[in-house]
Amino acid sequence: MELDSLYQQVILDHYRTPSNKGLSAFKDIQVHHNNPSCGDEVTLNLTMKDGVVKEITWDGVGCSISMASASVMSELLLGKNYQDSMKILDAFVELMQSKGKSSGDEQLLEDGVAFAGVSKFPARIKCALLGWMAFKDAATQVMA
Amino acid sequence: MSADLSRYKRDFPIFSRTVRGGNPLIYLDSGATSQKPEVVIEAEAEFYRSKNAAVHRGAHLLAEEASDAYEGARENVARFLGAQSSEIIFTKSATESLNLLAYSFSNPDSGIAVKSNDEIVVTEMEHHANLIPWQQLAKRTGAKLTWLSITPDGRLDLSNIDQIINSNTKIVAITHQSNVFGTIPPIKEIVKAAQAVGAYVVLDACQSVPHFEVDVKQLQVDFLAFSGHKLLGPTGIGVLWGKAALLDQLQPAIFGGSMVDSVTMQGATWASGPRKFEAGVPNMAQAVGLSAAVDYLTQIGMNNLAQHEHKLTEQLLSGLKLIKGVKIVGPTDMKDRGGVVSFTVDGVHPHDVGQVLDQYGIAVRTGHHCAWPLMKKLQLVGTTRASFHIYNNSSDVVSLLEAVEKVTDYFKVGK
């Protein structure tokens with residue numbers, strides 16, 4: 001069924017048991033992003049040291065796609081330096097814009113490739129990008 | 001015995017297509033916008049084919065015919081509402097109607113202008129379109145915005161109505177039917193309270209005029225707004241109705257061609273009646289399309305339509321109550337409610353509910369329904385909303401209920 005290409009098991013698992021959810025006490029910066037058309041929200045705390053991501057914690061309300069994607073992002077980008085994190089982020093954005101034509105670079109995106117099916121559902125792409133865009137905003141501010 | 005309305009679905013060409021998964025379309029999102037019968041599509045197209053000219057201008061035959069068609073649409077809409085045609089202002093949407101009204105109220109030259117010591121009353125269940133224009137009016141004028149609260153079952157809390165609607169109240173802006181709950185507030189009581197203090201009642205009739213008989217004289221409200229596209233009509237056409245005596249006292253908010261009596265380099269005076277609120281070449285073909293929609297609904301009979309939707313709503317409410325993990329948001333009985341039903345599914349976000357339903361060809365609305373403060377009050381991220389019109393039937397409700405069951409299976413609710 002077409003639906004299963006959207007709701008991969010990996011996504012449903014991250015939705016039910018998200019990683020790094022719950023905001024840390026300490027952070028370099030906190031950002032809040034929302035999606036006004038649907039009301040999804042993510043708050044993200046980021047700590048970086050010497051240009052490397054030391055901690056990402058987040059909290060939010062939203063659909064399975066937005067919450068699972070934030071969870072996958074927080075696992076994937078932890079420990080990466082700024083340049084690598086942006087490389088992964090760009091690859092994820094490109095995958096989301098692929099209209100179902102790309103299956104994603106598994107070496108780079110790991111669990112992130114589970115979201116390949118989202119690119120066939122234009123209304124859901126912004127859900128998948130919510131947490132990632134929050135990270136981009138936070139990391140860019142810390143590095144500035 | 002209610003009339004059999006099943007034959008009308010054939011009038012809507014959109015139902016001849018299939019949607020995701022090759023499924024036939026089950027359209028349960030009429031609260032957002034309705035589908036259009038062929039007669040409406042044809043009326044709009046026919047205007048462009050045979051009558052197109054700028055109304056109220058030019059001495060040629062087409063201009064005359066176009067003006068007749070446009071003014072004929074105004075008369076038709078007026079009849080439909082029990083109003084006079086001089087009280088019908090065509091706008092591009094209900095949102096524009098409400099903004100236009102709010103701006104006219106803040107024009108200091110208006111005889112009934114809102115002033116800094118006035119109060120404007122709204123309710124917690126308003127759509128953004130009947131909330132933000134009044135917030136902004138309050139901001140512009142220094143007036144105070146207050147509101148009536150809701151009860152946990154999605155009705156208006158009138159326990160403090162005497163404090164909220166008081167001698168300072170100038171405007172009471174209220175929905176005729178909640179676009180989230182389907183609740184029909186006690187308009188009579190609110191009108192009585194408003195009249196007692198000399199306040200004007202503005203009715204957001206977007207969810208009522210398309211679904212049951214609305215007579216402005218019986219309601220005794222002062223202004224009323226609705227959009228054509230929810231009433232089987234085209235997009236790009238809305239209506240603002242106001243009592244003639246009040247429209248006379250209001251200054252326009254949009255200025256330009258066609259709305260003037262005379263113009264000099266220093267200033268201008270306004271045309272009388274609704275024309276002064278309709279600057280620029282109006283949405284003529286859309287007004288004509290709306291008029292065709294009004295004819296179509298009149299032929300069906302608004303009471304027949306209301307009964308039809310009542311039965312479907314009853315069937316949906318009783319079906320939803322039997323599904324584990326599903327909660328109805330808003331009135332769970334049929335008292336003072338219309339054909340809009342919001343619900344949540346435990347552990348499943350409304351977007352995910354909507355996505356699964358879409359897989360079965362079922363179109364619903366998900367999210368906050370442009371009623372963000374209401375969602376916050378209810379501590380909900382959103383709901384899934386099903387809403388009806390003439391083309392829906394009992395098997396649509398059965399399909400929806402079956403698909404909601406599949407949602408709970410798919411996301412393993414309570415398993």
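Please work out the FRET efficiency for the pair B:D409 and A:D28, using the Cβ-Cβ distance as r and a Förster radius of 45 Å; give the result to the nearest 0.05. Don't jump to the answer; show the numbers that get you there.
Numbers: r = 43 Å, r/R0 = 0.97.
According to the calculation, E is roughly 0.55.
Run the Debye formula on the Cα coordinates of segment B:237-346, all scatterers equal and no solvent, and tell me log10 I(q)/I(0) at q = 0.16, 0.18 1/Å.
Those come out to -0.86, -0.94, one per q.
For the protein assembly as shown, what does -39500 (n - 2.57) per DSSP helix run (n ≥ 4), summed and divided by total residues, give at 222 nm, in deg cm²/dmol to the nearest 500? Present the calculation step by step, with values, prior to reporting the outcome.
On the way: 19 runs with 216 residues, N = 559.
Helix-only estimate at 222 nm: -12000 deg cm²/dmol.
Per the Debye formula with a single identical scatterer at each Cα and no solvent contribution, what log10 I(q)/I(0) holds for segment B:232-293 at q = 0.17, 0.23, 0.30 Å⁻¹?
For the requested q values the scattering log ratios are -0.67, -0.99, -1.22.
Can you work out the FRET efficiency for the pair B:V398 and B:S167, with r the C-beta to C-beta distance and R0 = 45 Å, to the nearest 0.05? Don't skip to the end; give the middle numbers.
On the way: r = 53 Å, r/R0 = 1.17.
E(calc), rounded to 0.05, equals 0.30.
Loop only per DSSP, at most 11 neighbouring Cβ atoms within 10 Å: give me the chymotrypsin sites (Phe, Trp or Tyr not before Pro) in segment A:22-100, ordered by residue number.
Values: sites: A:F26, A:W58, A:Y82, A:F92; in loops: A:F26.
Counting only loop positions with at most 11 other Cβ atoms within 10 Å, the chymotrypsin sites (Phe, Trp or Tyr not before Pro) in segment A:22-100 are A:F26.
Stokes-Einstein at 25 °C, 0.890 mPa s, Kirkwood radius from Cα pairs: D for segment B:167-235 in µm² s⁻¹? Don't skip to the answer; put the middle values down first.
On the way: Rh = 12.6 Å.
Stokes-Einstein gives a translational diffusion coefficient of 195 µm²/s.
Given a cut-off of 18 Å, what percent of all Cα-Cα pairs of segment B:52-154 lie beyond it? Walk me through the numbers on the way to the answer.
Working: 3353 of 5253 pairs.
Of all Cα-Cα pairs in segment B:52-154, 64 percent lie more than 18 Å apart.
Taking the simple approach of a point 7 Å from Cα along Cα-to-Cβ for both B:T264 and B:N52, what is their distance in nm?
Simple spin-label model gives 4.0 nm for this pair.
Report the label-to-label distance for A:D90 and B:T332 in nanometres (one decimal), using points 7 Å from each Cα along the Cα→Cβ vector.
5.5
Excluding B:I161 itself, calculate the net charge of residues whose Cβ lies under 14 Å from the Cβ of B:I161, where each Lys or Arg counts +1 and each Asp or Glu counts -1.
Working: positive: B:R155, B:K188, B:K192; negative: B:E119, B:E124, B:D157, B:D162, B:E189.
Residues close to B:I161 contribute a combined charge of -2.
Any idea what angle helix B:94-106 forms with the longest principal axis of chain B, computed on alpha-carbon atoms, 0 to 90 degrees, nearest 10?
40
So the label point goes 7 Å from the Cα of A:K54 along Cα→C-beta, right? Which residues of segment A:79-108 then have their backbone N under 13 Å from it?
Only A:79 fall inside the zone, counting backbone N under 13 Å.
Just tell me the longest site-free run in chain A, where the sites are trypsin sites (Lys or Arg not before Pro) in a DSSP loop having at most 14 other beta-carbon atoms within 10 Å.
Details: sites that count: A:K99, A:K101.
That gives A:1-98 as the longest site-free run.
For B:375-381, what's the mean count of beta carbons from other chains sitting within 10 Å of each residue's beta carbon?
Averaged over the peptide's residues, the number is 2.
At a 10 angstrom cut-off on C-beta neighbours, averaged per residue, how do the peptides B:64-71, B:17-24, B:198-205, B:32-39 rank from highest to lowest? Please list the in-between numbers first.
Values: B:64-71: 18.1, B:17-24: 12.2, B:198-205: 23.9, B:32-39: 19.6.
Taking the mean over residues of other Cβ atoms within 10 Å, the ranking is B:198-205, B:32-39, B:64-71, B:17-24.
Could you calculate the contour length gain from B:R10 to B:K188, that is, 0.36 nm times the residue separation minus the distance between their Cα atoms, to one decimal place in nm? Walk me through the numbers before you get to the answer.
Working: separation 178, 0.36 × 178 = 64.08 nm, distance 3.77 nm.
Roughly 60.3 nm would be gained on extension.
Between B:V201 and residues 5 or more places away or on another chain, which pairs have amide H atoms under 5 Å apart, with H built 1.01 Å from N, and which residues are they?
Here the answer is B:V172, B:D222, B:F223, since their amide H atoms fall under 5 Å of that of B:V201.
What distance in nm separates the two pseudo spin-label positions at B:D215 and B:I254, each 7 Å out from Cα along the beta-carbon direction?
3.2
Identify all lysines with a Cα-Cα distance to B:K321 below 30 Å; exclude those on the same chain that are fewer than 8 residues away in sequence.
Leaving aside lysines fewer than 8 places away in the same chain, those within reach of B:K321 are B:K9, B:K230, B:K311, B:K335, B:K376, B:K377, B:K406, B:K412, B:K415.
What three numbers, in Å, describe the spread of the alpha carbons of chain A along their principal axes, ordered from the longest?
For chain A, the Cα spread along each principal axis is 45, 29, 25 Å.
Once Rh is set to the Kirkwood radius over Cα pairs, what Stokes-Einstein translational diffusion coefficient, in µm²/s, holds for the protein assembly as shown at a temperature of 20 °C and a viscosity of 1.002 mPa s? Before the final figure, lay out each step's value.
Values: Rh = 25.8 Å.
Calculated translational D: 83 µm²/s.
If you take each beta carbon of peptide A:35-41 and count the beta carbons of other chains within 10 angstrom, what is the mean?
Working: counts 1, 2, 3, 9, 13, 5, 1.
What the average comes to for A:35-41 is 5.
Sum up the charges of everything whose Cβ sits under 12 Å from the Cβ of A:N45, counting Lys and Arg as +1 and Asp and Glu as -1, but leave A:N45 out.
Values: positive: A:K21, A:K27, A:K54; negative: A:D28, A:E55, A:D59.
Net charge in that neighbourhood comes out at 0.
Arranged from highest to lowest average of other beta-carbon atoms within 10 Å per residue, in what order do the peptides B:259-266, B:104-111 appear? Intermediate results must be reported in sequence, preceding the final value.
On the way: B:259-266: 10.2, B:104-111: 16.6.
Ranked by mean Cβ neighbours within 10 Å, highest first: B:104-111, B:259-266.
Residues of B:352-361, mean number of Cβ from any other protein chain within 10 Å of their own Cβ, rounded to a whole number? Provide the component values of the computation, followed by the final result.
Working: counts 10, 1, 3, 10, 4, 0, 4, 5, 1, 0.
Per-residue shielding by partner chains comes out at 4.
State the number of lysine pairs found in segment B:77-181 whose Cα atoms come within less than 22 Å, restricting to pairs 8 or more positions apart or on distinct chains.
Details: B:K115/B:K139; B:K115/B:K144; B:K115/B:K170; B:K139/B:K170; B:K144/B:K170.
Final tally of qualifying lysine pairs is 5.
Taking the 0 to 90 degree range and rounding to the nearest ten, how far is the long axis of helix B:302-321 tilted relative to the main principal axis of chain B, both from C-alpha atoms?
40
Which value, in Å³ per residue, describes the convex hull spanned by the Cα atoms of segment B:41-298? Each step should come with its number before you reach the end.
On the way: hull volume 29.6 nm³, N = 258.
Considering the Cα atoms of segment B:41-298, their hull volume per residue is 115 Å³.
Hey, what angle do you get for helix B:284-300 against the long axis of chain B, alpha-carbon based, 0 to 90 degrees rounded to 10?
Helix B:284-300 and the main axis of chain B meet at about 50 degrees.
Span-like helices, chain A: DSSP H, alpha-carbon axial extent 15 Å or more, mean Kyte-Doolittle 1.0 or greater, which ones? Show your work: numbers first, answer last.
Working: long enough: A:64-77 (19 Å, 1.16); A:82-96 (21 Å, 0.31); A:122-143 (31 Å, 0.52).
Helices passing the filter in chain A: A:64-77.
Any read-out appearing in this document is the output of simple, stated calculations on the displayed coordinates, not a laboratory observation. Since the structure is predicted, the reported quantities are computational estimates derived from the model, not experimental observations. So basically every Cβ, Gly included, is an ideal-geometry build from the backbone, and we count neighbours across all protein chains shown.
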